[in-house]
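Trainee: Before we start, here is the structure in question, set down as structure tokens.
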Amino acid sequence: MATVRGMKTMYGVCSHAIRQTTGLKAARILQQRAFRVNGALRQQPFDSSEEKPQFPGASAEFIDHLEFIQPNVISGIPVYRVMDRAGQIINPSEDPQLSKETVVNFYQKMTLLNTMDRILYESQRQGRISFYMTNYGEEGTHIGSAAALDPKDLVFGQYREAGVLMYRGFPLDLFMAQCYANADDLGKGRQMPVHYGSKDLNFVTISSPLATQIPQAAGAAYAAKRENTNRAVICYFGEGAASEGDAHAGFNFAATLECPIIFFCRNNGYAISTPTNEQYRGDGIAARGPGYGMMSIRVDGNDVFAVYNATKEARRRAVAENQPFLIEAMTYRIGHHSTSDDSSAYRSVDEVNYWDKQDHPISRLRHYMTARSWWSEDNERSWRKQSRKTVMEAFEKAEKRHKPHPDLMFTDVYDEMTPNLIRQKESMWRHVQQYKDQYPLDAYDK
């Protein structure tokens, strides 16, 4: 035992000696290097005015006077537009030169969305559905951006992008089925109304919590980049959602990971009841882009051509260059935030009337079409009648359809139902059978 202790002691002494010797050698090498560097510096004249900052976290110049950056260092970002309120093209070189058929399709999709909104809004007021959110005044942001995308591009919406899904081909029957939560609903009746989604149309299902889609979209765009699929992601949100922490995380991830994504902000003036002047002090949302290293633009959201041009170019470059783009579309929410809101409590009727009567994206596009003899009063009357009839037919069909089978409450979470879920399902059916006079089972799919 004494021999073992002696060997350990000797090993410790030797190890200490080796470490000490190694440390001395390293110190001498550093001293020699420092001497050579200092010697080189002493041999050359030093001019502090030519010195450049070498800090890894920023790119800048040195200054010799105290100066704080003013908050308006980025302000007055211009609003890009193609046509004025009267539908006149301002700069012919910016005209997208879309065909008559394409422009008429734009107009019909915008007005069809408007008609669907009116009918479903009234149905909620009559107690037929539980909730609804209209898109009044923002139709141009939906259709203009949707038209500029490739069908395989992935869409992350907030909750006011029904027009994007409509442009992609989502039928009225499925819009109605979702709002009524009936057996035809792709979500099987599990979501609130207006929380649409379509795997076939690459439209990720809407989620209620504000701004959660922003970092999710950044992650999806990073995956698309790694797969090299020539695919972009577009993420919609309002200026209110841009105040959430998730917006910062999504912007920063997309920029640093160089993701092919378009962040599309609908700045409609209000975050529910909070006006923009109480939401932020900077120059809107586009001004934040440079801080994240993102290309940014501000467009007239009531000009469907401006939205189309900006989104098309952003999409092209996002895929070609693998970088994110931020589009701030300036528009106005003419309707209430939702059926749970009364906007007359925080804004005037005159304010709303201006945007509804003087600067509406639908009327602007109609002026453009009329000036080219692409649309007439007869066309308008015929289309309005036809579109209302089509919406009402889908509405009536959805209202008569059964609700999804109650068992669907327990599916689609696990591949095989867990013992805990099986017990919950059995408990539910015992309860329903005991109080079956309280549950209208005839209204559900068998």
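The values are calculated or read from the model by the stated rules, or taken from the named source; none is laboratory data. No experiment lies behind these values; they were computed from the predicted model shown. Ideal geometry is used to build each Cβ from the backbone, glycine not excepted, and the neighbour counts take in all protein chains shown. Calculation scope for accessible area: heavy atoms of the full protein, side chains included, ligands and nucleic acids excluded. Shrake-Rupley method; radii C 1.70, N 1.55, O 1.52, S 1.80 Å.
Trainee: Looking at Ala249, Ala232, Ala320 in this structure, which one is more than 27 Å from Asn72 (Cα to Cα) and surrounded by fewer than 20 Cβ atoms within 10 Å (Cβ to Cβ)?
Mentor: Result of the check over Ala249, Ala232, Ala320: Ala320.
Trainee: Of all the residues that make up segment 287-309, how many are within 17 Å of the chain's Cα centre (by Cα), open to solvent by less than 10 Å² (accessible area, probe 1.4 Å) and touching a residue at least 60 places away in the same chain (Cβ under 8 Å)?
Mentor: Looking only at that region, the number is 3.
To keep it simple, each residue is scored yes or no on (1) touching a residue at least 12 places away in the same chain (Cβ under 8 Å); (2) assigned to a loop (DSSP other than H, G, I, E, B); (3) under 27 Å from Glu139 (Cβ atoms); (4) basic (Lys, Arg).
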residue	(1), (2), (3), (4)
Ala221	yes, no, yes, no
Ala242	yes, no, yes, no
Phe253	yes, no, no, no
Phe263	yes, no, yes, no
Arg266	yes, no, yes, yes
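Trainee: Under 9 Å by Cβ, and 6 or more places apart or on different chains, what pairs join a residue from segment 53-66 that is surrounded by 10 or more Cβ atoms within 10 Å (Cβ to Cβ) with one that is of a type in the set (A, V, I, L, M)?
Mentor: So the pair list comes out as Pro53/Ala60.
Trainee: Return the residue satisfying two criteria in turn: it lies in segment 393-434 and is assigned to a helix (DSSP H, G or I) and among the basic types (Lys, Arg), and of such residues it is most open to solvent (accessible area, probe 1.4 Å).
Mentor: Here the residue is Lys400.
Trainee: Which residue, of Val73, Val37, is within 39 Å of the chain's Cα centre (by Cα), modelled with pLDDT under 80 and open to solvent by 80 Å² or more (accessible area, probe 1.4 Å)?
Mentor: Val73
Trainee: Inspect segment 108-122 for any residue being surrounded by fewer than 24 Cβ atoms within 10 Å (Cβ to Cβ) and within 24 Å of Ile262 (Cα to Cα) and give the result as yes or no.
Mentor: Yes: segment 108-122 contains one or more residues that are surrounded by fewer than 24 Cβ atoms within 10 Å (Cβ to Cβ) and within 24 Å of Ile262 (Cα to Cα).
Trainee: Another question, if that's okay. Give the residues of segment 111-145 that are part of a loop (DSSP other than H, G, I, E, B) and either closer than 18 Å to Glu396 by Cα or not β-branched (Val, Ile, Thr) (or both), sorted by residue number.
Mentor: Gln126, Gly127, Arg128, Ile129, Ser130, Phe131, Tyr132, Met133, Asn135, Tyr136, Gly137, Glu138
Trainee: Next up: Write out, first by first residue and then by second, each pair whose Cβ atoms fall under 6 Å of each other, whose residues are 6+ apart or on separate chains, and whose first residue, in segment 372-392, is on the phi < 0 side of the Ramachandran plot and open to solvent by 50 Å² or more (accessible area, probe 1.4 Å) while the second is β-branched (Val, Ile, Thr) and not in a loop (DSSP other than H, G, I, E, B).
Mentor: Filtered contacts from segment 372-392: Arg388/Thr115.
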